[in-house]
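The values are calculated or read from the model by the stated rules, or taken from the named source; none is laboratory data. Worth saying up front: this structure is predicted, and the values here are computed from it rather than measured. Positions of Cβ are backbone-derived with ideal geometry, glycine not excepted, and every protein chain shown enters the neighbour counts. Keep in mind that these areas ignore ligands, DNA and RNA; they rest on the heavy atoms of the full protein, side chains included. Shrake-Rupley method; radii C 1.70, N 1.55, O 1.52, S 1.80 Å.
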Amino acid sequence: IEYLTSVRDKKKPFFLVVSMNPPHSPYRTLDDCMESDYNLYKDIPLSQLLVRPNVNPDLKKRQENAPFYFASVTGVDREFGRILAALKEMGLDKNTIVVFSSDHGETLASHVEDAKNSPYVEAMNVPFLIRYPEKLKPHVSNLLLSTPDVMPTLLSLAGLKKSIPATVEGTDLSNEFTAMKLSSKAPKAVLYIKNSDGKKNAEGKFISYFPMARGVKTDRYTLAITIDKKTKQLKEVLLFDDLKDPYQMNNLSVEKNRELFKSLCSQLPALLKNANDPWYKEKILSDIIPY
């Protein structure tokens, strides 16, 4: 806010990134949030804070983190509101593109303990709110937006379409943002990626990553394919119908859903090629992925 009100050169456009650490695990003490925010949730039963049917009862400690997590979210809401208020006070709210997003979601006690790189909707479906009154009308979109698409899309919305690098891996989806409904050119699927630690150097530090899992997310389905670290052969498949099973509690059998599995796998090569991904370069699992 100090940057907006006094530090910046008011004769020039500005670009500001605010990276808020909370909410970020571990959520265990008042060091992670303001006590006044924590007091809003501390006496609410966990059953009322964690209402999803896919809560894993074995993750008791993660359940107990919920009041601290929601307290952190409340703090972020307040501070983000201060930024919006400062923009309005300075008369910059109409022609400033404001984006609220996250790098990944939080499963808390749903499914798994670690949300990072998880294919479950609680982790993958991150918030993406964008406000630009001069060009965007308020609406909710079902656009499948992937992280690499954010930069070229924002550049285009800011009038810098010609400055988008030719080497960018993402797609300019600004036309999908300005329209009230999706066009036929809107993405039909986005790429899911999970990497793990790879090779170490002589000092024992990791110098590469291992491409552990790849998959696709469509408007209805989630597919995540994991390979063995030693053999690079198929290890696990997660396949969910997110329409019929929004909490992903039923991992569909590949054998019983062979055509669906093949259809989703057929969308992988183009996505992997566009990302210059090692799965494409090494043709990993070429027996099931039609490169």
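Projecting the Cα positions of G204, F68, A186 onto the charge dipole of the chain (unit charges on Cβ atoms of Lys, Arg, Asp and Glu, taken about the Cα centre) puts A186 furthest along the positive direction. Surface composition of the chain: carbon plus sulfur atoms contribute 52% of the solvent-accessible area (1.4 Å probe, protein chains only, all chains present). What you get for the chain, charging only the Cβ of Lys and Arg (+1) and of Asp and Glu (-1), is a dipole of about 980 debye around the Cα centre.
Leaving out ligands and nucleic acids, note down the accessible area per residue over region 126-176 with a 1.4 angstrom probe, in whole Å².
Values: 3300 Å² over 51 residues.
Per-residue value: 65 Å².
The stretch between S102 and E282 holds 61.7 nm of extra length on full extension. This uses 0.36 nm per residue minus the Cα-Cα distance.
Could you rank Y27, Y41 by how accessible they are, 1.4 Å probe, largest area first?
Ranking Y27, Y41 by accessible area, largest first, yields Y41, Y27.
Could you work out the relative contact order of the chain, using alpha carbon pairs under 8 angstrom and six or more residues apart, expressed as a whole percent?
Working: 391 pairs, mean separation 31.5, N = 291.
Result for the chain is 11 percent.
Residues K217, K161, K88 ordered from highest to lowest accessible area at a 1.4 Å probe: K88, K161, K217. What does the C-alpha gyration tensor say about the overall shape of region 61-176? Classify as rounded when a/c is under 1.5, otherwise prolate if a/b is larger than b/c, or oblate. Oblate shape, in that a/c is at least 1.5 and b/c is the bigger or equal ratio. For region 99-175, the relative contact order is 23 percent, taking Cα pairs closer than 8 Å that sit 6 or more residues apart in sequence and dividing their mean separation by the residue count. If you sort E89, E2 by accessible surface, 1.4 Å probe, largest first, the order is E89, E2.
Once the Cα-Cα distance is subtracted from the 0.36 nm per residue extended length, the K256 to K12 segment shows a gain of 81.9 nm.
When you restrict to C-alpha pairs under 8 Å that are six or more residues apart and normalise by the size of region 33-94, the relative contact order lands at 45 percent.
Can you work out the FRET efficiency for the pair E134 and F210, with r the C-beta to C-beta distance and R0 = 41 Å, to the nearest 0.05? Between E134 and F210 the formula returns 0.35.
Note on region 225-264: Cα convex hull, mean projected area over all directions, 3.3 nm². Computed over the chain, the P(r) tail beyond 35 angstrom holds 30 percent of alpha carbon pairs.
Per-residue ellipticity at 222 nm computed for the chain from its helices equals -7000 deg cm²/dmol, with DSSP H segments shorter than 4 residues left out and the rest contributing -39,500 (n - 2.57). Inter-part distance, region 250-284 to region 220-235, computed on C-alpha centroids, equals 9 Å. Dipole check for region 1-106: with +1 at the C-beta of Lys and Arg, -1 at the C-beta of Asp and Glu, and the Cα centre as origin, the magnitude is about 360 Debye.
Here region 111-230 is treated with +1 on each Lys and Arg Cβ and -1 on each Asp and Glu Cβ, and its dipole about the Cα centre works out to around 240 debye. Measure out, as a whole number of angstrom, how far apart the alpha-carbon centroids of region 1-49 and region 130-168 sit. Centre-to-centre (Cα) distance: 25 Å. Taking +1 at the Cβ of each Lys and Arg and -1 at the Cβ of each Asp and Glu, which of N175, Q233, A115 sits farthest along the dipole of the chain towards its positive end, judged by Cα position relative to the Cα centre? Working it through, the farthest residue towards the positive pole turns out to be N175. Over 21 Å between C-alpha atoms is what I'm after, so list which of K60/K244; K217/K262; K262/K283 land there. As for pairs spanning more than 21 Å Cα to Cα, those are K60/K244.
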